Amino acid sequence: MAVDLLLGLQWGDEGKGKIVDVLTSKYNIIARFQGGPNAGHTLVFNGKKHVLHTIPSGIFHENKTNLVGNGVVIDPVIFKKELDKLEEQNVDYRKSLLISRKAHIILPTHRLLDAASEASKGKAKIGSTLKGIGPTYMDKTGRNGIRVGDIELADWKDKYRTLADKHEAMIAFYNVDVQYDLQELESEFFKSIEILKSLKFIDSEEYLHQAQKRGESILAEGAQGSLLDIDFGTYPFVTSSNTTAAGACTGLGIAPNKIGEVFGIFKAYTTRVGSGPFPTELFDEDGETMGRVGNEFGATTGRPRRCGWLDLVALRYACQINGVTQLIMMKGDVLSGFKTLKVCTAYNYKGDTIHHLPFNIEEENVTPIYTEMKGWNADLTEMTEASQMPKPLMDYIKFLEKELEIPITIVSVGPDRKQTIIR
Ligand code: IMP
């Protein structure tokens with residue numbers, strides 16, 4: 001059976017957690033393929049909000065398998081906190097949560113290195129979540145990393161010490177003020193490692209291969225967004241993994257010809273947290289309204305997100321890179337009340353009108369060209385059927401479908417599971 005993918009098409013925070021949760025009933029296995037605790041996937045049901053960082057968003061459903069794939073980086077300390085929260089909710093994760101032996105582990109010194117690296121960059125800082133993501137992926141590609149399977153081996157602590165010592169020397173090299181008590185951090189880390197070890201570790205690529213042979217359905221859950229992809233995002237203001245469709249192949253061991261539907265999620269407007277170019281960013285009352293109504297604060301760091309109009313140049317690019325087959329539009333409800341909406345359909349790039357994402361999208365190179373559309377005033381949050389949508393919203397959706405040449409099959413009108421319209 002084909003493996004379906006679910007990916008964010010913007011700079012993250014599109015609402016992937018909610019949609020995975022909505023779609024989970026259709027699948028046997030939900031598998032996270034990249035990123036780590038830099039992600040914050042928010043789910044709302046029965047009047048309660050849940051935020052997951054590393055654990056797949058299918059975990060609240062009974063009889064579903066949730067896999068943390070080889071492409072993910074795991075911080076045992078944060079992972080333990082997530083497990084504690086699940087326990088408080090009486091979620092029996094022991095049967096349903098599986099971890100790839102090939103996933104890499106975030107060490108306390110990776111987090112410190114992240115902080116030192118960011119501090120040393122001054123104004124050029126990336127705005128990292130400081131969860132140690134970059135340094136952990138650097139050790140992975142540098143072939144120095146520690147993997148989940150390593151902690152089952154007797155001598156892994158020797159490997160740990162060598163790596164942590166090297167990190168300490170690197171932190172000193174940065175020559176910035178990073179205060180830490182490594183003994184205390186390590187004590188918490190090693191306790192959390194023991195909790196991690198009580199979970200089920202598997203050879204996940206083989207597991208997924210056999211599951212496909214048995215006809216089980218699999219949904220691969222992405223983290224962050226396509227514009228934060230290490231190769232195709234707004235480098236260097238990106239994360240350190242492939243957030244796009246190809247990342248699902250390498251992050252789970254799934255062959256490209258086994259991919260089925262590619263669900264691409266986007267917000268009806270655009271947000272970004274952290275530094276980096278953002279052509280349609282708003283610095284006026286409209287941007288402030290989007291942030292306030294949309295509650296645009298990072299689920300992991302609490303930082304306010306930058307807000308702006310929908311950018312179809314960037315969205316078209318993300319659809320192309322990912323091979324999106326179905327679009328899911330989030331937070332249409334946040335745009336209710338705007339008299340006029342703007343959608344960026346092209347860029348003025350050094351005097352020329354272009355429709356693709358160029359190498360440089362900083363404001364000195366790119367000016368967005370907008371199409372204006374009529375807004376709507378209705379409260380969408382109680383709507384459950386497409387027929388209830390106001391005409392200007394239908395026109396907005398149809399316009400996007402025409403521009404992107406991909407159907408919008410789900411429209412989300414609020415954070416709750418129930419606030420979802422299937423078209
Ligand atoms: P890092 O992955 O924590 O190093 O962060 C690199 C960049 O990606 C920063 O601009 C972060 O704000 C951004 N980022 C990382 N994870 C997320 C996410 O889950 N949502 C939105 N932005 C993210």
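The values are calculated or read from the model by the stated rules, or taken from the named source; none is laboratory data. Model, not experiment: these values are computed from the prediction. Neighbour counts run over all protein chains shown; Cβ positions are idealised from the backbone, glycine included. When the accessible area is computed, the model is the full protein with side chains, heavy atoms only, and any ligands, DNA or RNA have been set aside. Shrake-Rupley method; radii C 1.70, N 1.55, O 1.52, S 1.80 Å.
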Exclusive hit being within 14 Å of the ligand (Cβ to nearest atom) and basic (Lys, Arg), set Lys157, Lys123, Lys131: Lys131
Show the residue pairs that are 6+ apart or on different chains and have beta-carbon atoms under 9 Å apart, the first residue being within segment 275-295 and under 18 Å from Lys331 (Cβ atoms), the second being of a type in the set (A, V, I, L, M, F, W, C) and surrounded by fewer than 17 Cβ atoms within 10 Å (Cβ to Cβ). Gly291/Phe297
Checking Ile151 against (1) more than 11 Å from the ligand (Cβ to nearest atom); (2) outside any helix (DSSP H, G or I); (3) of a type outside the set (D, E, K, R), the condition it does not meet: (2)
Could you grab me the full set of residues in segment 75-121 that are within 23 Å of the chain's Cα centre (by Cα), of a type in the set (S, T, N, Q) and open to solvent by less than 10 Å² (accessible area, probe 1.4 Å)? Ser100
Of all residues in segment 306-326, how many are touching a helix residue (DSSP H, G or I) at 6+ places or on another chain (Cβ under 7 Å) and within 26 Å of Glu296 (Cβ to Cβ)? 10
Answer residue from segment 147-173, given it is out of contact with any Ser or Thr (no Cβ under 9 Å at 6 or more places or on another chain) and of a type in the set (Val, Ile, Thr) and is surrounded by the most Cβ atoms within 10 Å (Cβ to Cβ) among those: Ile151
Would you mention how many residues in segment 144-175 are touching a residue at least 60 places away in the same chain (Cβ under 8 Å) and more than 30 Å from the chain's Cα centre (by Cα)? 0
